[in-house]
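The values are calculated or read from the model by the stated rules, or taken from the named source; none is laboratory data. Fair warning: this is a prediction, and the values are worked out from it, not measured in the lab. Cβ placement follows ideal geometry from the backbone for every residue including glycine, while neighbour counts extend to all protein chains displayed.
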Amino acid sequence: MFLRPRVHFLIFRFLSKNDHPMFVQPGQSNPFQSSRIRFVTDGEVMPHWQRVGVILLLTIFSFAGGCSSLTGQRSELTPAERRNEELLAQIQEVTVKAESLDKLNEKHQNDLAQATRALQKTEDDFGASQKQLAEMTNKVASLEAELANSRQSIQTYQASMHRQSTMTVVPNNSFQNQQLAISSPGVSYKVDGDYIRVSIPDSYLFQVGGVWQLSTDGCKTLTEVGNQLRLNFPDQEIGIEGHTNQLYVNTQSRLNAHEVSAKKAFAVAFYLINNSILEEGRLRVSGAGANRPLDISGTTEAELNNSRIEFVIYPTTWR
């Protein structure tokens with residue numbers, strides 16, 4: 001583009017017989033003010049339209065040449081510039097890949113967080129299930145223990161009923177005069193017709209508030225009484241009766257009184273059997289509730305004595 005004024009000047013210098021009007025000196029005639037501007041070729045004057053065409057063609061060629069020259073200059077890059085362009089392209093490619101990896105990593109982080117929450121919920125549910133399972137296991141163990149006690153009670157009743165059908169009666173006058181060497185406090189005994197009764201108040205056998213749970217002193221008392229019964233009456237059947245009092249009936253119910261008296265009697269029987277003091281086959285276990293009091297005066301002391309365990313020596317043998 002910067003060559004065009006020079007080219008135009010040369011064109012007019014070459015084609016015009018006179019100088020270019022831009023360079024006409026003062027006092028000289030301007031050939032473009034003349035009626036005929038002469039462009040000569042080989043000494044001949046060219047027509048006006050040809051001169052205009054030649055000028056246009058030369059102008060186009062000069063412009064195209066200048067542009068091509070400039071374009072060529074721009075397309076020619078040094079090795080360092082080409083290396084920079086390659087590095088820029090590589091950087092752009094790496095940047096695009098990094099952005100893609102960032103998005104993928106963010107997605108993986110979200111998936112991991114969601115999986116972690118799901119795992120935590122599963123662990124919480126598993127912990128709750130384990131707790132429920134432990135509670136159910138304890139309940140099942142408790143029910144199994146109660147079932148075992150009930151089965152043992154039924155077996156004891158069945159054995160007692162079977163023995164009653166095959167028992168033999170022996171007059172009690174053969175051992176009415178025997179004395180029991182029992183030193184434990186609270187123990188008393190008496191002859192009741194054909195029976196001998198050994199009575200022990202609850203306060204000497206059971207824990208305070210435990211209803212049918214034996215105390216340490218109570219276990220010692222039962223051990224002494226059981227050994228004396230086995231020694232003095234080796235062949236006789238022995239009944240274990242549980243009794244409550246009217247105070248319990250007033251605060252609970254008569255049905256509950258019967259249930260509690262039976263449980264007390266079975267607690268005593270299980271202790272004697274499990275410790276090999278008395279044989280299971282010779283025992284009759286029952287609960288009388290508050291139906292057979294020892295003292296009907298109604299005082300507090302009388303009611304405490306009415307709540308008791310009685311051993312009954314029957315006039316029958318068990319073997």
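With (1) part of a helix (DSSP H, G or I); (2) touching a residue at least 40 places away in the same chain (Cβ under 8 Å); (3) out of contact with any strand residue (DSSP E or B) (no Cβ under 9 Å at 6 or more places or on another chain); (4) not β-branched (Val, Ile, Thr) as the list, and Arg319 as the residue in question, which single condition is left unmet?
(1)
For the stretch 264-319, give me each residue that is touching a Ser or Thr at 6+ places or on another chain (Cβ under 8 Å) and β-branched (Val, Ile, Thr).
The answer is Ile277, Val285, Ile309, Thr316, Thr317.
Please work out which one of (1) at pLDDT 65 or above; (2) surrounded by fewer than 12 Cβ atoms within 10 Å (Cβ to Cβ) is the condition Arg197 fails and give its number.
Just one mismatch for Arg197, condition (2).
Regarding the stretch 226-240, can at least one residue be identified that is in contact with a Gly (Cβ under 6 Å, 6 or more places away or on another chain) and either without any contact (Cβ under 8 Å) to a residue 40 or more places away in the chain or closer than 27 Å to Leu147 by Cα (or both)?
no
All but one of (1) under 21 Å from Pro185 (Cβ atoms); (2) assigned to a helix (DSSP H, G or I); (3) out of contact with any helix residue (DSSP H, G or I) (no Cβ under 8 Å at 6 or more places or on another chain) hold for Asn250; which doesn't?
That leaves (1) as the condition not met.
So Glu237 ticks every box in (1) buried (at least 18 other Cβ atoms within 10 Å of the Cβ); (2) more than 18 Å from Val312 (Cβ to Cβ); (3) acidic (Asp, Glu) but one. Which box is left unticked?
(2)
Could you check how many residues of the stretch 214-243 are farther than 19 Å from Val187 by Cβ and in contact with a strand residue (DSSP E or B) (Cβ under 6 Å, 6 or more places away or on another chain)?
2
Name every residue in the stretch 208-234 that is of a type in the set (S, T, N, Q), assigned to a loop (DSSP other than H, G, I, E, B) and exposed (fewer than 15 other Cβ atoms within 10 Å of the Cβ), in order of residue number.
Selection gives Gln213 alone.
For the stretch 293-319, give me the residue count where each residue is surrounded by 14 or more Cβ atoms within 10 Å (Cβ to Cβ) and among the acidic types (Asp, Glu).
2
Counting just the residues of the stretch 293-316 that are without any contact (Cβ under 8 Å) to a residue 60 or more places away in the chain and in a helix (DSSP H, G or I), which one comes out nearest to Glu241 (Cα to Cα)?
Glu303
Just for the stretch 273-292: of the residues that are in a loop (DSSP other than H, G, I, E, B) and either out of contact with any helix residue (DSSP H, G or I) (no Cβ under 7 Å at 6 or more places or on another chain) or modelled with pLDDT of 90 or more (or both), which one is surrounded by the most Cβ atoms within 10 Å (Cβ to Cβ)?
Leu278
Among the residues of the stretch 272-291, are any more than 26 Å from Leu147 (Cα to Cα) and either among the basic types (Lys, Arg) or assigned by TED's automatic domain parsing to the domain that holds Ser199 (or both)?
Checked against the condition, which is being more than 26 Å from Leu147 (Cα to Cα) and either among the basic types (Lys, Arg) or assigned by TED's automatic domain parsing to the domain that holds Ser199 (or both), the stretch 272-291 yields at least one hit.
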